[in-house]
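Here is the structure we will look at.
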Amino acid sequence: MGGDANTDIEQMMTAVVVEYLERDLVTPEGRRRAQRHLTNDEPAAALDLVLEDNKRNRPEDTVICSESID
């Protein structure tokens, strides 16, 4: 049963990485490296990469959260 939880987590990590790639939230180099990690079935490494790449390269005033605050 533990394997199923790991699979679910890996699928969620992959979904987040794909979302970052689809929204162009990473640099071209970050995209290439993240795709390589996904191809090698390394979703945790891909997620770390896109989060760090985005953090390093986004403008300071960029808001990642899409929810509005009322």
Looking at the range 24-70 only, could you name the residues that are modelled with pLDDT of 95 or more and basic (Lys, Arg)? 31, 32, 33, 36
Of the numbered conditions (1) part of a loop (DSSP other than H, G, I, E, B); (2) loosely packed, with under 12 Cβ neighbours inside 10 Å, residue 19 satisfies every one except a single condition; which is it? (1)
Just a yes or no: is a residue in the range 29-44 outside any helix (DSSP H, G or I), under 12 Å from the mean Cα position of the chain (by Cα) and surrounded by 15 or more Cβ atoms within 10 Å (Cβ to Cβ)? yes
Give me the pairs, please: first residue somewhere in the range 6-33 and closer than 13 Å to residue 48 by Cβ, second residue anywhere and of a type in the set (S, T, N, Q) and in a helix (DSSP H, G or I), beta-carbon distance under 6 Å, and either six or more positions apart or on two chains. 26/54
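The values are calculated or read from the model by the stated rules, or taken from the named source; none is laboratory data. Just so it is clear, the structure is predicted and the values come from calculations on it, not from any experiment. A quick note on method: Cβ atoms are made from the backbone with ideal geometry, for glycine too, and the neighbour counts reach across all protein chains shown.
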